[in-house]
Amino acid sequence: MIQSKTYKTLLLTLLALVLSACGATAQSDDRPTYDNIDIEEYDSLIIYRPRFCTIEMAYGSEVPQGDNILFCCPAAFTAECLKYFTHTNIRCNHVNNGTFYAGSPEPVCNGVFTFYDEQGHFDRINDSSLQVAAEHNGMGFCQVLAIFDGEIAYTDTLKQDFWIHKDYVFRALCEKDGKLCLIESCDKVSYARFVRYLKEYGVKYAINLDMGGWSHSWYRDNYGDVITTGSSPTKYASNWLLFKP
């Protein structure tokens, strides 16, 4: 009889735990949700689609924060590990909020991305694209162009000059089906393999974003929580890409 009571007590305890867990789940599901971001996995890639209206840049080593940011990640290369910020420490020229800044030369940066009038633009590197973005109060930066008009732009010559020869988790700003998205490799791969993954996924344009050991980023999920990805932030970062609603 004692065993029977003990068994009954155990069942009631387990039932209470299950009901409690269900209640906790229901309560968490009752939180308000927002249309902040869509996330998809495709083979060896993770695709982030923040529901943004505008893109800006932020400067300096401190990771940008704010309720008005949906996605934050590094953008252009940084030239040197300096303890202070200067625009010349950003690889190649760049634009933000309509202001043009001169950066340091970088031969591997063969592409430029600009955003103005609510549209993103990919081009082979030239100052005229940045000047147009400045005239339209937009933004822009230069980087390694991976895919251009559906074809791989990462040439054999660029492979020889590109100093990232280790396997990393890479990230790119892409256009697929007429919409911008951010795409990362799920695992550490060579850059050439990452570019092949992007082409197989069907992106029309893709430009590299600074990664390697500086891969820290964060996004705001559909519950409004901040989710960090990549490595810890570095005190030597020089610039960040911000997607805002």
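Observations on the model:
- For the residue pairs Lys188/Lys244; Lys188/Lys235; Lys166/Lys199; Lys166/Lys235, the alpha carbons lie more than 27 Å apart in Lys188/Lys244.
- Nitroxide proxy distance, nm - points 7 Å out along Cα→Cβ at Lys204 and Asp177: 1.3
- Förster-model FRET efficiency, 35 Å R0, Asp67 and Ile152, C-beta, rounded to 0.05: 0.35
- Theoretical gain in end-to-end length, Glu80 to Ser232 [0.36 nm per residue, Cα-Cα removed]: 52.9 nm
- Taking every C-alpha pair closer than 8 Å and separated by at least 6 residues, the mean separation divided by the residue count of the range 60-184 gives a relative contact order of 19 percent.
- Burial order of peptide ranges 89-97, 120-128, 54-62 (average beta-carbon count within 10 Å, highest first): 89-97, 54-62, 120-128
- Shown is the FRET efficiency for Asn126 and Asp30, computed with R0 = 41 Å from the Cβ-Cβ distance and rounded to the nearest 0.05: 0.20.
- Amide H contacts of Leu45: Cys186, each under 5 Å away and 5 or more positions distant or on a separate chain (H built 1.01 Å from N in the peptide plane; Pro and chain starts excluded).
- Rounded, prolate or oblate (a/c below 1.5 giving rounded, otherwise prolate when a/b exceeds b/c) for the range 93-245 by Cα gyration tensor: rounded
- Potential lengthening of the chain between Thr99 and Ala192 amounts to 30.1 nm, from the contour at 0.36 nm per residue minus the alpha-carbon distance.
Any read-out appearing in this document is the output of simple, stated calculations on the displayed coordinates, not a laboratory observation. As the structure is a computational prediction, the values presented were derived from the model and not from experiment. When we count neighbours, we look across all protein chains shown, and the Cβ atoms used for this are built from the backbone with ideal geometry, even at glycine.
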